[in-house]
Amino acid sequence: MSDKEIDETTGVETTGHSWDDIRELNNPLPRWWLIVWYISIVWAIGYWVVMPSWPGISGYLKGTRNHSERANVEVAVAELDAQRADATRRLLTAPNMQAIENDPDLQAFALAAGESLFGDNCATCHGAGGQGFKGYPNLNDDDWLWGGKLEDIRQTIRYGIRSDHAEAHLSLMQAYGAGGLLPRETVDDLVHYVRSLSGQEHDEAAAMRAAPVFQVQCVQCHGAEGKGDQSQGAPNLTDPIWLYGGDAMTIRETLWNGRGGVMPTWEGRLSEEEILALAVYVHSLGGGE
Amino acid sequence: MSVTDPAPSSELSGGVVRHEVEAVNAAGTRTLYKAREPIYPKRVKGAFRNLKWIIMALTLGVYYITPWIRWPRGPGEPDQAVLADFAGRRFYFFFIEIWPDQLYFLTGVLIIAALSLFLATALFGRIWCGYSCPQTVWTDLYVWVERKIEGDRNARMKLAKAPWTADKIRKRVSKHVIWILIGMATGGAWILYFHDAPSLARDFFRGDAPFTSYFFFALLTLTTYIFAGSMREQVCTYMCPWPRIQAALTDEETLEVTYKVDRGEPRGAHKKGDTWDGRGDCVSCRACVISCPMGIDIRDGAQLECINCALCIDACDDIMKKVGRPTGLIAYDTDANIARRQAGEKPTVKLLRPRTILYGSVLAFVCALMIYGLSTQATMVVNVLRDRTPPFILMSDGSIRNAYTVKIVNRENYTRDLKITVEGPDGMVVGAVGEKAEGATVTLDAPGDTVRSVRIFATMPPGAAHGASIPVIVRVLDPDTGEEVLNPTVFMAGRE
């Protein structure tokens, strides 16, 4: 483009581009804009000197201020811990867990910490509101497998259930069918007996046939009346709450394959005060004993 | 435009000085884009100038003194009469205390301010601009300082052209120093509205004040210095939207600073002993032009630049007295009156017009609404949030439980014992962790001046409620004052 095209009306050079005969004027950039642009270039050079900027082979140019977001976060976290130190100490030195709930300030601290900890660590399985899913207990109700007292909840969180911790709750539901412990027909009869315990629809004759089997095979954990045993994590079979489901299909599946859900141990992953706060929070969800 | 005035002619009647100047922003020579030409308004004396001094003293006095007024409210609450407490999320205005959820009061105040402005503008033109706008008040103050140091119009124009001598440097430096000091006082007073004034003032000088305080101090110092020092009329003409809006609010019956064309024309110099017959009263002395802070010629008629400050009225009245003609050649008058006089009718002032009646009645209505709102505002606000995860809880005995988070805002500054009742079907039992409960009622205390959040549980016995969402009412009652808040919500009883 050797010849400059000059717009007649304004006398300004055009860019030579034409769209539907509309041509673009090649006006210079506004001076204020240019000045701001030059200032930002100077600013950028100053920024390289002062702030961390260029990457290197093994590290990066740190800048004269030695600024580090990572270090700032560490300082901020340390400050937060210092601010919480007093409440944390009182949480850890409370004579028992009931004392935490009885102290409104301490309870508010534990609930606030517990709520956020629950969201970060527990909600994945138990749901945002602790409502639970199939195989993951609802923490809002008053039906507890391993006990719903403050101290029980704390134990469960700390050691987990069937986790790899030595202190974890271990007992599990045997695979009566798949493991060959009972013949197929007996398992089918037992389904009716179990449903009869919670007053659900069942075949009376089948239930009658299975009653003696239950008294031999199941009483050790679930008790003679089927009310369960919290020391063994055996669910109460007479209430309307089912961890996996109370329909015939699911009960048969449970009997045939057994059950052994796992909750991980939180000892080592959460601090002692965090476990305490979580226990207070879970207890407050409404079903605590 | 000529910068220096030519030698006055002494032949004019009354010893009037005739200035051979064209207004800086005269209607005829005005262009859309041009560099600012400095304006050197000449000092005037008169009734409107005095009124402006009084209003300046009042508005500046209110602005600088208000943060220091104390208003004891009791323990735990600030004793500053006017305070926008961002950290505590409260706004205090003497006996009024506004919480964040009551920000609609601020909307009300803004609506009242806008409507007052509409009404005043419809009645008297831009009197807000001419007398009480901060831009006008501070510019007036800055011009006063300028005049005290550099002298009046002619001296200032001479100084502007003069070479940089020691005297000019001394005058200019002292002017700008005083301007900056005024700017600092302005920024300094502003930040006091947002913190406890005495403690902030102490922290400010110690270097312990919050960053925002220093920031806004610097910002307002800078804007005051630039807007009132060097931009002046440019702010009104180019930055402010109000001159554009005013045209929609005024009409031919609006009292505005008006040059009475019918009386003034044909204009011309008037020598001693000449007759006044067959000519207008305007002697073309241009006293109105050189006194105008906006640099316009009022004789060009109503203009966007005119802020209705009435200084040209004072200047012209002075001349009229000297030449022995009645004052009021420039006066608060209406376009309609010019037409009436030209038609030989009697001029009248019509304050009551459909426009002013409408603005006035809407204003009165909003004011009444605000007074009603402020005098009956609740001292207790309750929000009820029903838990949604899970929507309902099946208990081991077959009963069904719903949980609700109740947030109670207690605006009183003392602890209140409250009763929360869930009014629903018979048999409903209500409880809360750690609180006393009986039947469907929970008793708890809400500490003063805070928001208490409590989770309550409502339980229906087995078989009593199924398959529906049952409407219930959460009633929060203060038995001592009888104040109660009702919150309708639902009880979910099952999925089927």
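Under unit Cβ charges (Lys, Arg +1; Asp, Glu -1), what dipole magnitude, rounded to 20 debye, does chain B have relative to its Cα centre?
2320 debye
Calculate one ³J(HN,Hα) per residue across the range B:147-162 by plugging θ = phi - 60° into the Karplus curve 6.51 cos²θ - 1.76 cosθ + 1.60, and present them in order as whole Hz with x for glycine and proline.
5, 4, 8, 9, x, 7, 2, 5, 5, 5, 5, 5, 5, 4, 8, 5
Mind listing the long-range amide H neighbours of B:THR258? Cut-off is under 5 Å, sequence gap 5 or more, other chains count too, H placed in the peptide plane at 1.01 Å from N.
Result for B:THR258 returns B:ALA331, B:TYR332, B:ASP333.
I need the peptides B:408-416, A:234-242 ranked by packing, meaning the mean over residues of other C-beta atoms within 10 angstrom, with the highest value on top.
Sorting B:408-416, A:234-242 by mean packing, highest first, produces A:234-242, B:408-416.
Which of the trypsin sites (Lys or Arg not before Pro) found in the range A:196-268 are in a DSSP loop and have at most 16 neighbouring Cβ atoms, other than their own, within 10 Å?
Counting only loop positions with at most 16 other Cβ atoms within 10 Å, the trypsin sites (Lys or Arg not before Pro) in the range A:196-268 are A:LYS227.
Modelling each spin label as a point 7 Å along the Cα-to-Cβ direction, I'd like the B:SER199/B:THR415 distance in nm, to one decimal.
According to this spin-label approximation, the distance is 2.4 nm.
Using the Cα centre as the reference, give the magnitude of the dipole from point charges on the C-beta atoms of the protein assembly as shown (Lys, Arg: +1; Asp, Glu: -1; all else neutral), rounded to the nearest 20 debye.
Its charge dipole is roughly 5180 debye.
With unit charges on the beta carbons (Lys and Arg positive, Asp and Glu negative) and the dipole taken about the Cα centre of the range A:112-224, which residue among A:VAL194, A:ALA206, A:CYS125 sits farthest to the positive side?
Projecting each Cα onto the dipole axis, the largest value belongs to A:CYS125.
Partner chain Cβ atoms within 10 Å, averaged over the residues of B:386-395 - can you pull that number for me?
That works out to 6 on average.
If you average over every viewing direction, what projected area does the convex hull of the Cα atoms of the range A:155-206 give, in nm²?
5.5 nm²
If I measure Cβ to Cβ between cysteines in chain B, which ones have no partner under 4.7 Å?
Result for chain B is B:CYS129, B:CYS133, B:CYS236, B:CYS240, B:CYS282, B:CYS285, B:CYS292, B:CYS306, B:CYS309, B:CYS316, B:CYS367, no neighbouring Cys Cβ within the cutoff.
Taking the Cβ of each residue in B:LYS350, B:LYS52 as the centre, tally the other Cβ atoms inside 10 Å and list the residues starting with the fewest.
Placing the least packed residue first, the sequence is B:LYS350, B:LYS52.
Name the long-range amide H neighbours of B:GLY494: under 5 Å, sequence gap of 5 or more, or other chain; modelled H, no Pro or chain starts.
Those lying under 5 Å, H to H, from B:GLY494 are B:GLY467, B:ALA468.
Give the residue from B:PRO72, B:CYS240, B:PHE211 lying farthest towards the positive end of the charge dipole for chain B; charges sit on Cβ (+1 for Lys and Arg, -1 for Asp and Glu) and the dipole is referred to the Cα centre.
Highest projection toward the positive end goes to B:CYS240.
With the crude spin-label approximation of a point 7 Å out along Cα→Cβ, what separation in nm comes out for B:GLU265 versus B:CYS367?
4.1 nm
Using a Förster radius of 56 Å, what is the FRET efficiency between A:ASN257 and A:ALA99 based on their Cβ-Cβ separation? Nearest 0.05, please.
After rounding to 0.05, the efficiency reads 0.80.
Would you list, by chain and number, the lysines whose Cα falls below 24 Å from the Cα of A:LYS134, excluding same-chain residues fewer than 8 positions away?
A:LYS149, A:LYS227
What is the diffusion coefficient of the range B:380-492 in µm²/s, taking the Kirkwood radius over Cα pairs and the Stokes-Einstein relation at 37 °C with a viscosity of 0.692 mPa s?
Value of D from the Cα-based Kirkwood radius: 230 µm²/s.
Please list, in chain and number order, the residues 5+ apart from A:ALA234 or on another chain whose amide H is under 5 Å from its amide H, with Hs placed from the backbone.
A:ASP229
Using the Karplus equation 6.51 cos²θ - 1.76 cosθ + 1.60 (θ = phi - 60°), what ³J(HN,Hα) coupling, rounded to whole Hz, does each residue of the range B:334-347 give in order, writing x for Gly and Pro?
10, 4, 4, 5, 4, 5, 4, 5, 5, 8, x, 9, 7, x
For B:ARG353 and B:ASP152 in one chain, what is 0.36 nm times their gap in residues minus the Cα-Cα distance, to one decimal in nm?
Value of the extension gain: 68.1 nm.
Note down the magnitude of the dipole of the range A:184-257 about its Cα centre, charges +1 on Lys and Arg C-beta and -1 on Asp and Glu C-beta and zero elsewhere, to the nearest 20 debye.
So the dipole magnitude of the range A:184-257 works out to roughly 160 debye.
Please give the average number of partner chain Cβ atoms lying within 10 Å of the Cβ of each residue in A:139-146, rounded to a whole number.
Mean shielding by partner chains, rounded to a whole number: 4.
For chain B, taking Cα atoms only, what is the radius of gyration to one decimal and the Dmax to the nearest whole Å?
That works out to 33.2, 115 Å for Rg and Dmax.
Determine the shielding of peptide A:41-48 by partner chains: average, over its residues, the number of Cβ atoms on other chains within 10 angstrom of each Cβ.
Going residue by residue through A:41-48 and averaging, the value is 0.
Taking +1 at the Cβ of each Lys and Arg and -1 at the Cβ of each Asp and Glu, which of B:TYR359, B:LEU444, B:TYR259 sits farthest along the dipole of the protein assembly as shown towards its positive end, judged by Cα position relative to the Cα centre?
B:TYR259
What shape does the range A:14-60 have by the C-alpha gyration tensor, where a ≥ b ≥ c are the square roots of the eigenvalues, rounded means a/c under 1.5, and otherwise prolate means a/b greater than b/c and oblate the rest?
It is oblate, given that a/c is not under 1.5 and a/b is not larger than b/c.
Using per-residue counts of other Cβ atoms within 10 Å, averaged over each peptide, order B:41-48, B:397-404 from highest down.
Ranked from most to least packed, the peptides come out as B:397-404, B:41-48.
In whole Å and largest first, what semi-axes does the C-alpha gyration tensor of chain A yield when each eigenvalue is scaled by 5 and square-rooted?
Equivalent ellipsoid semi-axes, largest first: 67, 31, 18 Å.
Which net charge results when you count Lys and Arg as +1 and Asp and Glu as -1 among the other residues whose beta-carbon is under 11 Å from that of A:GLY160?
Once positives and negatives cancel, what remains is 0.
We did not get these values from a lab; they are worked out from the coordinates using the rules stated. Here the structure is a predicted model, which means the values were calculated and not measured. Cβ atoms come from the backbone with ideal geometry, glycine included; neighbour counts cover every protein chain shown.
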